[in-house]
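Notes follow the structure.
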Amino acid sequence: MNELIAIFIGMVLINNFILVRFLGLCPYFGVSKKLGPAISMGIAVTFVMTIASIATWLIRNYILIPFDIEYMNIVIYILVIATLVQIIELFIKKTNMALYFAFGIYLPLITTNCAVLGITLINATKNYSFLGSVVAALGAGLGFTLVLAMMSGIREKLELANTPKAMKGLPIAFITATLLGLAFLGFGGMI
Amino acid sequence: MGKFAKEFAKGLILSNPVFVLALGLCPTLAISTSIDNALGMTLAVLIVLLGSNIIIASIRRYVPDITRIPIFIVIIATLVTVVNLIFHAYLPDTYESLGIFLPLVVVNCIILGRAEAFASKSPVLHSIADALGITIGFMLALLMISFIRQILGTGNLSVFGFDFGTLPVLGEHPIVAFVLPYGAFLVIGLLMALFRRTGVMKGE
């Protein structure tokens, strides 16, 4: 149990996917202009990460390792993720139309989000147990959502601020990320 | 040949993948802690992008429109697997220090982006020029960021074991912040603002 808590806290705060590991930066700078879409995106990514971690853990331990074809993992993981995203999209479309419209374009784009492939590869290299990978995926997703929401809140205010012309848009977003990263560094000593 | 040169040149500045298009940010920020890593990443991207642009441009007439994205992704993933195995065998140090970002080349937006926006619609020769130009643009951005981070963060100038000396003050008291993760955001943010201020690149 202690191990699982350590994995969870490590993923959310200490090795935060965006600020420390630099995974999933495209949605971070692309989507984080408004709070609402940012939270939808965070939830969608967390969801896909968790399902992808479960699926790839099963495939890795019951197919790749027994047949000794672990070197194929990149091709197989990306196919699994692409298929999963499609299935989830169809499922949500059939069952919950409101949620489908809330996710919008972000759902299909998750396939090429490096955070999702990243978590499956991290689970594989760290050799986490089944529960460990699920907790790692949930933690990573929560950390991602947290930072995305914080960033979008700050950027909503930044729109109104009087930033120098050359700094408008992306550059000031990077500077904001610097300050957030500096703040998250403080979590380093927690475990 | 004029077209070849044009496709080659546009990747360098006008559509520089990192500073202008803001693509491939994850690997750029994560591995730019040293010049060695930047060069290793460039090599990986060069092999994959060149290979995928050539293959996709040559098969573009036979790929059905509906299934093109999965086909592109499988081609790219196979090339990335090949690059991973080559790096593991011949460049073990680079393989270790790039870590998870070597397999993650497969979801680098630059590569799928070029496949979708350019190689799937253009002849092979132009696609080669496009791949080379974009890779060199990517390399310039990576080298610029990693050079600043390595100099300020460690104070020495060594590239693949060749030591070009240590800087006088920074060598003893490096500004460690620059090799820490948040230093990457600071460097790229300031560089981008500088390019916009000087008019090299367009702002918003």
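Here, each number is a calculation from the coordinates, and none is a lab measurement. This structure is a prediction, so every number in the text was calculated from the model and none was measured. With ideal geometry, Cβ positions are generated from the backbone for all residues, glycine too; neighbour counts draw on all protein chains shown.
Estimated translational diffusion coefficient (Stokes-Einstein, Kirkwood radius over Cα pairs, 37 °C, 0.692 mPa s) of chain B: 184 µm² per second.
In percent, rounded to a whole number, the relative contact order of the range B:2-146 is 49, using alpha-carbon pairs under 8 Å and six or more apart.
With charges set only on the Cβ (+1 for Lys and Arg, -1 for Asp and Glu), what does the dipole of chain A come to about its Cα centre, in debye to the nearest 20?
Dipole about the Cα centre, nearest 20: 560 debye.
Rounded, prolate or oblate: which fits the range B:37-129, taking a ≥ b ≥ c as square roots of the Cα gyration tensor eigenvalues, rounded meaning a/c under 1.5, else prolate when a/b beats b/c? Don't skip to the answer; put the middle values down first.
On the way: a/c = 2.48, a/b = 2.02, b/c = 1.23.
Prolate.
From the cross-link list B:6/B:121; A:34/A:157; A:33/A:93; B:3/B:121; A:93/A:157; A:33/A:165, which pairs have alpha carbons spaced over 22 Å apart?
Details: B:6/B:121 16 Å; A:34/A:157 10 Å; A:33/A:93 26 Å; B:3/B:121 15 Å; A:93/A:157 34 Å; A:33/A:165 18 Å.
Those over the limit are A:33/A:93; A:93/A:157.
Relative to the Cα centre, the charge distribution of the range B:2-146, modelled as +1 at Lys and Arg Cβ and -1 at Asp and Glu Cβ, gives a dipole magnitude of about 600 debye. Put simply, the amide H of residue B:159, placed in the peptide plane, has neighbours under 5 Å in B:164, leaving out anything fewer than 5 places away on its chain.
I want to verify the translational diffusion coefficient of the range A:59-191 in µm²/s; compute it with Stokes-Einstein, Rh as the Kirkwood radius over Cα pairs, at 37 °C and 0.692 mPa s.
Details: Rh = 18.0 Å.
The diffusion coefficient I find is 182 µm²/s.
Placing dummy labels 7 Å off each Cα toward the beta-carbon, the span from residue B:121 to residue B:159 is 3.7 nm. Legend: calculated FRET efficiency, residue A:67 to residue A:162, from the Cβ-Cβ distance at R0 = 51 Å, rounded to 0.05, equals 0.25.
If each DSSP helix of 4+ residues adds -39,500 (n - 2.57) and the sum is divided by the residues in chain A, what number results at 222 nm, nearest 500 deg cm²/dmol?
Value at 222 nm, helices only: -22500 deg cm²/dmol.
In plain terms, the residue of B:88, B:173, B:126 with the fewest other Cβ atoms within 10 Å comes first and the most crowded comes last, giving B:173, B:88, B:126.
Placing +1 at every Lys and Arg Cβ and -1 at every Asp and Glu Cβ, with all other atoms neutral, what dipole size does the protein assembly as shown have around its Cα centre, in debye to the nearest 20? Here the size comes out at about 1280 debye. On a 0 to 90 degree scale, rounded to 10, what angle separates helix B:181-197 from the longest Cα axis of chain B? Between the helix axis and the principal axis of chain B, the angle is about 70 degrees. Remark: A:53, A:152 ranked as A:152, A:53, counting other beta-carbon atoms within 10 Å and listing the fewest first.
What's the extension gain from residue B:198 to residue B:14 if we count 0.36 nm per residue and subtract their Cα-Cα distance? Display every interim value, and only then the final one.
Values: separation 184, 0.36 × 184 = 66.24 nm, distance 1.44 nm.
So the chain would gain 64.8 nm between residue B:198 and residue B:14.
This ranking places A:89, A:70 by how few other beta-carbon atoms lie within 10 Å of each, fewest first, which gives A:70, A:89.
Tell me the angle of helix A:130-158 to the major Cα principal axis of chain A, expressed in degrees between 0 and 90 and rounded to the nearest ten. Approximately 10 degrees, to the nearest 10.
Kindly state, to the nearest 0.05, the FRET efficiency for residue B:68 paired with residue B:166, given R0 = 35 Å and r defined as their beta-carbon distance. Spell out each step's value before the answer.
Numbers: r = 51 Å, r/R0 = 1.46.
Once rounded, the FRET efficiency stands at 0.10.
What is the extension gain from residue A:83 to residue A:183, computed as 0.36 nm multiplied by their sequence separation minus the C-alpha to C-alpha distance, in nm to one decimal? All intermediate terms of the calculation are to be shown ahead of the outcome.
Details: separation 100, 0.36 × 100 = 36.00 nm, distance 3.72 nm.
Between residue A:83 and residue A:183, full extension yields 32.3 nm more.
Is there a simple number for the mean count of other chain Cβ atoms within 10 Å of the Cβ of residues in B:25-31, and what is it? Could you put the intermediate results ahead of the total?
Values: counts 10, 13, 3, 2, 5, 6, 1.
Mean inter-chain Cβ contacts per residue within 10 Å come to 6.
Hey, what angle do you get for helix A:73-95 against the long axis of chain A, alpha-carbon based, 0 to 90 degrees rounded to 10? Relative to chain A, helix A:73-95 is tipped by roughly 70 degrees.
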